[in-house]
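Take this structure, written in C-alpha cells, and hold onto it; I'll ask about it next.
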Amino acid sequence: MSTPAIKAILAKFDLCKADFVRIRAAAPLLKRDLDAFIEDFYRWISTRREYPISFGSNPAPLERMKQMQCANWVGFQELEVDEAWIEVRRHVGALHGHLDLPNDIEFAGMSVSANLMAQRLRAAKSAVTDVDQTFNSINKLPLRDIFVVIDEIARIYREKVSASSKALMEVSTPVKPIWEGILLLPLLGILDSQRTQEVMNSTLAKIAETRSKVFVMDISCVSTIDETIREVTLCHHARWDGAGYPKREEIAQMLQQLGVDAAEVPEPRGERIPLPVRLVAITDMFDAFMSKRAYYKEAWTLDRVRADMERCKGTHLDPELVELFLAEFEEYCLIHATIRE
C-alpha cells in the first residue's frame, strides 16, 4: 500500500484507517453470505438487455466471471490494496472492455452491489456496531474499484480508436504508381498537421521504393485543412519582397476550392508571411538546388547552393531565417544526403 499510485487512489476516495477498521469487522459477516450475494447480483444482471450480448447462451464465460467476482469480493473485503489488486481490477476492466460492456451497466452494477450489501448489513445489524457508518465505509470500495476498471476500459477504447484511425489513414492515403516513374496520391477527408506528417512519410517511402521522378497530389476531395496547412497552401508562392503571384488563374481556382475569394487575399510580404511558410520556402529552395531534376538540371555544388541562398536573402527569402539556416549549412547538407539515400 506504499506506492504513490495506490496512495493517490485511497486519498481520492477518502479511505482512512477508521474505514478499514469498520470494513474488517464486517468482513466475516459478508463473506459468509458471499455466494448468495453473487447469485442475487447475477439474477439482477440477467434481466438487463446487455446480458445476452455479453454472455450469450454459453455458460462458460458466465461461470468464469462469477468465479473472478467471487475472488475479487474476497480480496475486496480483506482490503488487500497493492499492485496485484490493481492488476486484477485492470484485468476486469480489460475483460469488460473487450466484451464492449457499456459503462452505464458498470455504474448500475456498482449501485446494485451497494444496495445488496446494505440489505445484508441491516439484516445483521445486531452483529454490527454502527450499521450506517460501516455501510458508508464499505460503499467507498466499489467507487475505488470502478475507478480503476473504467480507467482501463477507457484506455482500451483509446487504443481501438487509435488503431481504427491509423487503418483509415492508410486506406485514405494511398500512394499509387499510375505510370512508370509517376506516383499519384488522391487525398480524402481532413488534412491536419498529423495527417500531413503521415502523408509525407508514406510518400517518401513510396518514392524511395519505386524511384519515381514525378509525384502528383490531388487535394480536390479534401474537406478540411487545418490553419498551418492552409497557410502554406495559400502563401507558398509568396516572396519576402512581395513579388509573388496570388492572382494567377490556377492559384485562384485552388483558393476557390478552399472556400477563399482570391480578391480578398492581400499580397503577403515580409513578416506578414506566416512563419511556417517562410520556413517551407527555405527548405523547398534548398532541396531544389541540391537535387537533380530529371528534365532540366543537375544537382548544384554546395558552394553554388550557399551562394544562391545568400543571393535570395531579402528578395525571395526571410534574411534572418536564411542566416540561421546557413549557420548550420553543413549539417543540413548531411541530413539532405542521408534522406536522398
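The values are calculated or read from the model by the stated rules, or taken from the named source; none is laboratory data. Small disclaimer: the values here were computed from a predicted structure and weren't measured. Don't worry about glycine lacking a Cβ; one is built from the backbone with ideal geometry, like all the others, and counts go over all protein chains shown.
Scan segment 198-242 for residues that are closer than 30 Å to GLY314 by Cβ and either touching a His at 6+ places or on another chain (Cβ under 6 Å) or at pLDDT 75 or above (or both) and jot them down.
Hits for segment 198-242 are ALA238, ARG239, TRP240, ASP241, GLY242.
Residue-wise test of (1) touching a Phe, Trp or Tyr at 6+ places or on another chain (Cβ under 9 Å); (2) at pLDDT 75 or above.
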| position | (1), (2) |
| --- | --- |
| LEU30 | yes, yes |
| GLU39 | no, yes |
| TRP44 | no, yes |
| ARG48 | no, yes |
| ALA60 | no, no |
| TRP73 | yes, no |
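A follow-up question, please. Here are the criteria: (1) in a helix (DSSP H, G or I); (2) of a type outside the set (Val, Ile, Thr); (3) at pLDDT below 80. Tell me which single one ASP287 does not satisfy.
Just one mismatch for ASP287, condition (3).
Something else about it: Could you list, in sequence order, all residues of segment 28-48 that are of a type outside the set (A, V, I, L, M) and surrounded by 14 or more Cβ atoms within 10 Å (Cβ to Cβ)? Steps first, answer last, please.
Start the filter on segment 28-48 by keeping residues that are of a type outside the set (A, V, I, L, M), which leaves 28, 31-33, 35, 37, 39-44, 46-48.
Answer for segment 28-48, where residues must be of a type outside the set (A, V, I, L, M) and surrounded by 14 or more Cβ atoms within 10 Å (Cβ to Cβ): LYS31, ASP33, PHE37, ASP40, PHE41, TYR42, TRP44, ARG48.
Still on this model: Could you check segment 290-338 and list, in sequence order, the residues that are part of a loop (DSSP other than H, G, I, E, B) and at pLDDT below 85?
Quick first cut of segment 290-338, residues part of a loop (DSSP other than H, G, I, E, B) only: 291-292, 294-296, 298-301, 312, 314-316, 318, 328.
Correct list: SER291, LYS292, ALA294, TYR295, TYR296, GLU298, ALA299.
List pairs: first residue in segment 37-56 and over 13 Å from ALA108 (Cα atoms), second residue charged (D, E, K, R) and at pLDDT below 85 anywhere in the structure, Cβ distance under 8 angstrom, at least six positions apart or on different chains.
PHE37/ARG120; ILE38/LYS66; ILE53/ASP100; SER54/ASP100
Can you give me the number of residues within segment 1-32 that are touching a residue at least 60 places away in the same chain (Cβ under 8 Å) and either of a type in the set (Val, Ile, Thr) or under 20 Å from LEU62 (Cα atoms) (or both)?
Within segment 1-32, residues that are touching a residue at least 60 places away in the same chain (Cβ under 8 Å) and either of a type in the set (Val, Ile, Thr) or under 20 Å from LEU62 (Cα atoms) (or both) number 4.
Please work out if ALA123 is closer than 30 Å to ARG22 by Cα and either at pLDDT 80 or above or over 33 Å from the mean Cα position of the chain (by Cα) (or both).
On the way: closer than 30 Å to ARG22 by Cα: yes; either at pLDDT 80 or above or over 33 Å from the mean Cα position of the chain (by Cα) (or both): yes.
It is true that ALA123 is closer than 30 Å to ARG22 by Cα and either at pLDDT 80 or above or over 33 Å from the mean Cα position of the chain (by Cα) (or both).
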